[in-house]
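Some notes on the structure that comes next.
Here, each number is a calculation from the coordinates, and none is a lab measurement. Values in this document were obtained by computation on a predicted structure and should not be read as measured data. FYI the Cβ positions are ideal-geometry reconstructions off the backbone, even for glycines, and counts take in every protein chain you see.
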Amino acid sequence: MALKFIKPEINFREKLAELDKPSGIAGEAMLRAETPQEQFNLIGAGRHRINHNGAMNIWQRGTSFSSVSAPAYHTDRHQTYVSNTATGRSTISRSTDAPSGFGYSYKLEVTTSDTSLAAGAEYGLYHYFEGQDLQGIKKGMPDALPLTFSFWVKSSLTGKFVVELMDNDNSNRHCNRPYYINSANTWEYKTITFPSDTTGVLANDNGNSFHFNFWHGGGSGFSGSSLQENWGALNQAGRADGQVNVYGTNGATWQVTGVQLEVGKVATPFEHRSYGEELHLCQRYLYYVGLQGVNYKYMPCAGTIYTTNNAYTMWKYPRTMRAVPALNYSDATDFQTVSGGAVRNTTAITLSGSSFTDSAVVIFVASGADQGHGVLIRSDENTDVFISFDAEF
Amino acid sequence: MYSTYTDDLGDKVIHVTGSNLYIPLDSNNGYYQKILDDIIEQGADCFEGDIPEDLQEAADAKRFTQQLKAYTTATARLTQYVLSVGRAEVIESQPSGETVYNEETMQNDVVMADFVTVTAIDPVDATVTRLVYSEEDIDADPTEEEIENPLITKDNAERAAAQAIVDATPQPVIDEYNS
């Protein structure tokens, strides 16, 4: 019996052409990835954004602040830094001007310029990290990992700007890298990869171990030697060399959103989180109780008139806070005790020393309150009443 | 300005005078660390009444740590060679790795040899020449001016700053450094 074999024709030219087929940018990045972690990041697997509130969605303290003259938090987890020798002033606000995919941005607008910077003058936007949240970057270990920083930025000024990573646990080792704003008043996407640092292990605790900082301006004390673009010991003159002085121009603006710090050498798409999740993360550092548009709003606490006039109230935070928080409030007369069939205006409010990272005792003083009654606390008719518990760095 | 508030149960917090801010006695709290910094900087002037003993102790401990850190850095800076002087070569006699049999002792003797343990570095030029252009006549040829080498100027300034820190360091801190 004769067998007939049919051999499929192979067009070698076509096969060779297939080898030339472009794999696309993402495919090439995948092929270039040096570690499984990078490939893991490239496909967006898992959680990769280390920082909080990168989309500038959470503004518990308010959404506009004028004449900022000292280091202070406005948008959650980000501290606008103005050193004590800096004379420039700005308005910080939540802006709805943001690139596609983002609802808000952090906006700084200079209202008083500082054209002659004092040597130690420093302006910036800081975000601090607990060391225990950064053990995964393996800083100080032989297999330390690089970090990649990405963000959207827009400014009325163009030129060289600086982003800084600093290790606050190890004598302020730092690595500063430039980015360039090329077009004024235009949203630009920037990515910066920072090398790994095999020196200086971060403490595995809730202390201030690490920060990033967007420089907005620095005096002569922060320039003079070239920018320290690799990890090294503190070199003040290499922290902001060449940085545009945003505060040098009255009316200048600088905006940022979509800020993401992640492990690896590749900037992956911004990891969006729900408002609720991001708020929850931020509440480890600030628990802010505002009126939410309601007068005579009852506060989330309950207590007893422990001694005549003194209402001891227990507050349970939504989550365990980083440290025992400080108490702040709008005004001592902004609240009322509701107790024993009477409403009384408060005259003083203090934090009790019996406060912890999961709860606080707050004492409201109201003349005439009878000992032994249970008590509720509510706001009065004012519209700007708040009480807050602050465990930021 | 700070004051201490003690509640009915005897628990203490710190009040920032003229504000609505009350700070717990928790070393992890950022405001608490600011109180310590203010005590270090301003002493009793920042407190209404006496500074609580535990706060003063915490501030003293923080200051001690800061001084030790500064002293360590300054001492390290001063051990670096002076740029204007350079560094002399240091030769030390060390075991060469070879041995020779000693017939008298019937043992191998280590052969010593001279090794350079610190290489010499020449001093940098004491002065440098810079060109000075006339502000009045932009077409005029620049003139030459001899100035101290900026590297030496910077080195001297840094050494002076380091020496000032060393001179101002209290003896207990130095003792801790040497221990």
So for the stretch B:8-78, taking the charge dipole from beta-carbon charges (+1 Lys/Arg, -1 Asp/Glu), which of B:78, B:67, B:32 sits furthest toward the positive end? B:78
Taking the Cα of residue A:97, stepping 7 Å toward and past its beta carbon, and measuring to each backbone N in the stretch A:188-221: which are under 15 Å? A:188
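Taking each residue in A:353-366, count the Cβ atoms of any other chain within 10 Å of its Cβ, then average. What number comes out?
3
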For residue A:383, project a label point 7 Å along Cα to C-beta. Then give me every residue of the stretch A:288-332 with its amide nitrogen under 14 Å of that point. A:291-296
Assuming 0.692 mPa s and 37 °C, estimate D for the protein assembly as shown with Stokes-Einstein, Rh taken as the Kirkwood radius over Cα pairs, in µm²/s. 115 µm²/s
Using a simple spin-label model with points 7 Å from Cα along the Cα→Cβ vector, what separation in nm is obtained for residue A:358 and residue A:14? 6.8 nm
Given Cβ charges of +1 for Lys and Arg and -1 for Asp and Glu, the option among A:249, A:161, A:365 whose Cα lies farthest towards the positive end of the dipole of chain A is A:161
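Roughly how big is chain A's charge dipole about its Cα centre, with Cβ charges of +1 (Lys, Arg) and -1 (Asp, Glu), in debye to the nearest 20? Before the final figure, lay out the partial values.
On the way: 30 positive and 36 negative charges, 139 e Å.
The calculation lands at about 660 debye.
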What is the dipole size for the stretch A:255-326, taken about its Cα centre, with +1 at each Lys and Arg Cβ and -1 at each Asp and Glu Cβ, in debye to the nearest 20? 180 debye
Can you run phi through the Karplus equation (6.51, -1.76, 1.60; θ = phi - 60°) for the stretch A:364-377 and list ³J(HN,Hα) in whole Hz, with x for Gly and Pro? 9, 9, 9, 4, x, 6, 8, 4, x, 6, x, 8, 10, 10
Starting from the Cα of residue A:319, step 7 Å toward the Cβ, then list every residue of the stretch A:48-67 with an amide N under 19 Å from that point. A:48-62
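Show me the GluC sites (Glu not before Pro) within the stretch B:37-115 that DSSP assigns to loop and that have at most 12 other Cβ atoms within 10 Å of their Cβ. List each step's numbers first, then the result.
On the way: sites: B:41, B:48, B:53, B:57, B:89, B:92, B:98, B:103, B:104; in loops: B:48, B:89, B:103, B:104.
Counting only loop positions with at most 12 other Cβ atoms within 10 Å, the GluC sites (Glu not before Pro) in the stretch B:37-115 are B:48, B:89, B:103, B:104.
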Mean-position separation - Cα centroids, the stretch A:332-349 and the stretch B:157-173, in angstrom: 56 Å
Quick one: 3J(HN,Hα) in Hz for the stretch A:101-106, Karplus 6.51/-1.76/1.60 with θ = phi - 60°, rounded, Gly and Pro as x. x, 10, x, 9, 9, 7
Which entries in the list A:139/A:265; A:107/A:154; A:154/A:190; A:107/A:265; A:138/A:265 go over 18 Å, if you measure between the two C-alpha atoms of each? A:107/A:265
In whole angstrom, the spacing between the Cα centers of the stretch B:12-68 and the stretch A:131-147 equals 32 Å
Simple spin-label estimate for residue B:103/residue B:44, 7 Å along Cα→Cβ, in nm, reads 8.5 nm
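Can you give the local net charge around residue A:304? Use residues other than it whose beta-carbon is closer than 13 angstrom to its beta-carbon, Lys and Arg +1, Asp and Glu -1.
Value of the local net charge: -2.
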Residues A:13, A:173 in order from fewest to most other beta-carbon atoms within 10 Å are A:13, A:173
Residue A:111's amide H: which non-local residues (gap 5+, or another chain) put their own amide H closer than 5 Å, with H modeled 1.01 Å from N in plane and none for Pro or chain starts? A:89, A:90, A:91, A:251
Residue by residue through the stretch B:141-152, which ³J(HN,Hα) values in whole Hz follow from phi under the Karplus form 6.51 cos²θ - 1.76 cosθ + 1.60 (θ = phi - 60°), with glycine and proline marked x? 5, x, 9, 8, 9, 8, 10, 4, 4, x, 5, 5
Between residue B:69 and residue B:118, Cβ-based FRET efficiency (R0 30 Å, step 0.05) works out to 0.65
